[in-house]
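Below is one structure; the comments refer to it alone.
Nothing in this text is a laboratory measurement; each read-out follows from the coordinates by a stated rule. Model, not experiment: these values are computed from the prediction. Ideal geometry is used to build each Cβ from the backbone, glycine not excepted, and the neighbour counts take in all protein chains shown.
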Amino acid sequence: MVQGSTNWNTELTQEWLQNYVDDWVTFYRKHTADGELASYIPELEKADAGSLGITIIGNNGMTIRSGDVETPFTIQSISKVFSFIVACMERGVSYVLSRVDVEPTGEAFNSIMHLEMKQIEKPFNPMVNAGAITVTSLLKGRTSDEKLRGILDLLERILGYRPTIDVDIYESERDSSLRNRAIGYFLLETGVLESDLNITLETYFKQCSINITVDDLARLGMVLANDGMDKLTGEEIIPRQIARLAKVLMLTCGMYDASGKFAAYVGIPAKSGVSGGIMASTPPRVREEILPFMDGCGVGVYGPSLDAQGNSIAGIRLLRHIASHWDFSIF
Ligand code: GLU
């Protein structure tokens, strides 16, 4: 709910909102000291732990950018949203869902425990590594570059440029991938993988190593907020049913095993990654009073210092603060 006595109705100028966000970024930047950089992919430890940046793009084009908005970083797990979307567009939703479920796990993103303990026929959801690797195996193409093409094509349609791969991160991830390989071998044994394991993993490491910025994440989040439609160009980029399903997965499984708390306290579909990115989608909402970004917006956040669940520690607090003050929740 909206806090304080601010009268957004009369104060909704871009400059006014920008000043608020600048203050909040300055405040929450201090919180980066409470977390730690991801270290299990050695190259990720080179990030500046004190970074914090945010971009918000509204459906009317109003854009607020604050903090470290120019720093490129790798998309990591946020790519799972787009590999899922592309697999659904290429293979059909029901086929993809015959291979991967839509249930939250409550476990770490790279957990292998449930796969064995629950004797499941398919991974829990496309936002954990087991599900994401399965989805990647469904992408069309024989080589990793062919499989990656669909994801890059989709990102290019939305962003207006073709993102590149960070080769150092890719190699670092590939060379430190024992857990993901273990998951891959387990999936191979259960028979859910549809492509060669090495090609699947190579594609997965490359998709995680796509370079991105907070501006990009905000734009991607905005298209999802509008059920796949790019309101700035009027083009439908992702079929509505698929965009909505992706948002359901973001809401229920997108923030690692803090997804329930994020849904309760922030209340919007979002997906984070271990490099410290968060992509969030605020759909248009109906309220009696006038609020910032009422027509919906996409939000991109970057803050590589992570909390115990693997989410950007300052980023999540900043987003919670904004969502609370500007009443972003869909509930
Ligand atoms: N490439 C990372 C991994 O699979 C992605 C993890 C993440 O961002 O959650 O370990």
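Things to note:
- Kirkwood hydrodynamic radius of the stretch 56-130, Cα pairs, Å: 15.0 Å
- Shown here: the stretch 127-266, whose C-alpha atoms stretch 42, 35, 27 Å along the first, second and third principal axes, sorted largest to smallest.
- Per-bin percent of Cα-Cα distances, the stretch 268-308 [5 Å]: 6, 20, 23, 17, 12, 11, 8, 2
- Pairs of alpha carbons in the stretch 10-77 whose separation is greater than 15 Å (percent): 62 percent
- Residues in the stretch 321-326 carry Karplus couplings, in order, of 5, 5, 4, 6, 5, 9 Hz; the curve used is 6.51 cos²θ - 1.76 cosθ + 1.60 with θ = phi - 60°, and Gly or Pro positions show x.
- Subtracting the Cα-Cα distance of Leu197 and Val286 from 0.36 nm times their residue separation leaves 27.4 nm of extension gain.
- Global size of the stretch 85-169: 14.5, 44 Å for Rg and Dmax (C-alpha atoms, Rg to one decimal, Dmax whole).
- Taking one quarter of the surface of the C-alpha convex hull of the stretch 218-260 gives a mean projected area of 3.0 nm².
- Rounded to whole Hz, the Karplus (6.51, -1.76, 1.60) HN-Hα couplings of the stretch 165-177, x for glycine and proline: 9, 7, 5, 5, 5, 4, 5, 4, 5, 4, 7, 10, 9
- Divide the volume of the convex hull around the Cα atoms of the stretch 129-191 by the residue count and you get 99 Å³ per residue.
- R0 of 22 Å, Cβ-Cβ distance Thr63-Glu90: FRET efficiency to nearest 0.05: 0.10
- Reducing the stretch 230-285 and the stretch 37-89 to their Cα centroids gives an inter-centroid distance of 13 Å.
- Residues listed by number, the stretch 87-101, amide nitrogen under 12 Å from Arg149 label point at 7 Å toward C-beta: none
- Gained length - Ser98 relative to Asp34, 0.36 nm times residue gap less alpha-carbon distance: 18.9 nm
- Site pair Leu188 and Thr233 shows an inter-label distance of 3.9 nm when each label is modelled 7 Å from Cα along Cα→Cβ.
- Normalised contact order of the chain, rounded percent, pairs of Cα under 8 Å and 6 or more residues apart: 27 percent
- Annotation: lysines with alpha-carbon distance below 19 angstrom to Lys231 (same-chain offsets under eight excluded): Lys247.
- From largest to smallest, the equivalent ellipsoid semi-axes obtained for the stretch 224-331 from the alpha-carbon gyration tensor read 22, 17, 12 Å.
- Normalised by 2.2 N^0.38 Å, where N counts its residues, the alpha-carbon radius of gyration of the chain equals 0.94.
- Helix 129-138 and the longest principal axis of the C-alpha atoms of the chain enclose an angle of approximately 70°.
- Mean separation of Cα contacts under 8 Å (6+ apart) over length of the stretch 109-163, as relative contact order %: 19 percent
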